[in-house]
Amino acid sequence: MLRIGITGGIGSGKSIVARLFAALGVPVYDSDSRAKHLMAHDPQLRAQLLAAFGPETYTAEGVLNRVHLAQRVFKDAAQVAQLNGLVHPRVGADFEAWVATQKAAGQPYILKEAALLYESGAYRQLDRIITVYAPPEVRAARVLSRDTHRSPADVQAIMSQQLSDEEKLQRADYVIYNDDSQFVLPQVLALDEAFRQ
Ligand code: ADP
């Protein structure tokens with residue numbers, strides 16, 4: 001069973017593209033939402049986050065306090081690294097367990113969607129990587145209309161923490177262009193057919 005990663009900078013359209021694969025029946029592992037789920041519910045990860053970031057990491061009701069966590073790691077690269085160092089391995093293990101169930105179900109291939117596929121080291125668990133590409137100005141405009149709570153400065157800050165488009169394109173096995181230069185669906189269908197073979 002092939003393991004395909006799908007990545008792209010914020011606003012590139014990787015979630016939309018992953019949804020197209022899902023509509024074709026491909027199992028998709030959404031790393032960002034699984035990470036959020038595990039931070040909220042996984043007992044081992046909860047204990048590690050509490051130890052690292054203090055008792056305020058969870059409210060009295062036991063709910064993850066995102067505002068506290070964001071404030072703790074905001075603009076502090078060492079704290080971001082510490083947070084990622086706890087979350088990424090837990091997501092990696094969760095992904096392996098999920099892969100095993102998909103394999104047992106006889107799936108020809110699966111997709112792992114992640115914003116930070118290279119940065120997290122997750123690419124090592126994958127056979128091939130798709131990068132979804134759109135130029136930065138198009139991505140910024142899309143994100144600003146999608147996320148009304150984000151300012152242009154917020155979007156720039158997120159983009160500056162991600163690997164550059166050049167490096168992602170260079171490292172990718174496949175590129176899906178979502179920059180209005182070509183239709184997206186035929187690109188998805190062609191890759192789906194190749195992976196099934
Ligand atoms: P990502 O997951 O890479 O951050 P999304 O898939 O959420 O990106 O896409 C970002 C936003 O841009 C979403 O609101 C999406 O609906 C929109 N979008 C994506 N691709 C296109 C496109 N080709 N044309 C117009 N809007 C698009």
**Request:** Take the Cβ-Cβ distance between Glu166 and His37 as r, set R0 to 30 Å, and report the resulting FRET efficiency rounded to the nearest 0.05.
**Result:** 0.40
**Prompt:** Can you list the residues of the range 100-115 with backbone N under 20 Å from a point 7 Å past the Cα of Leu2, pointing along Cα to Cβ?
**Reply:** 100-114
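Tell me which DSSP H helices of the chain clear both cut-offs, 20 Å or more of axial length from alpha-carbon atoms and a mean Kyte-Doolittle hydropathy of at least 1.6.
Details: long enough: 77-104 (40 Å, 0.11).
Helices meeting the criterion: none.
Round to the nearest 0.05 the FRET efficiency obtained for Glu119 and Gln182 when R0 = 22 Å and r is the Cβ-Cβ distance. Numbers along the way, then the final one.
Numbers: r = 27 Å, r/R0 = 1.25.
After rounding to 0.05, the efficiency reads 0.20.
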**Complete:** Rounded to one decimal in nm, the spacing of the 7 Å Cα→Cβ label points at Lys103 and Leu24 is 2.3 nm
**Message:** Compute, for the chain, the length of the dipole vector about the Cα centre, with Cβ point charges of +1 (Lys, Arg) and -1 (Asp, Glu) only. Units Debye, rounded to 20.
**Reply:** 300 debye
**Complete:** Rg (one decimal) and Dmax (whole number) from the Cα set of the chain, in Å, equal 17.5, 52
**Prompt:** Tyr58 accessible area, nearest 10 Å², 1.4 Å probe?
**Reply:** 20 Å²
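The values are calculated or read from the model by the stated rules, or taken from the named source; none is laboratory data. Here the structure is a predicted model, which means the values were calculated and not measured. Glycine also receives a Cβ, built like all others from the backbone with ideal geometry; neighbour counts cover every protein chain displayed. In case anyone asks, the SASA skips ligands and DNA or RNA and just uses the protein heavy atoms, side chains included. Shrake-Rupley method; radii C 1.70, N 1.55, O 1.52, S 1.80 Å.
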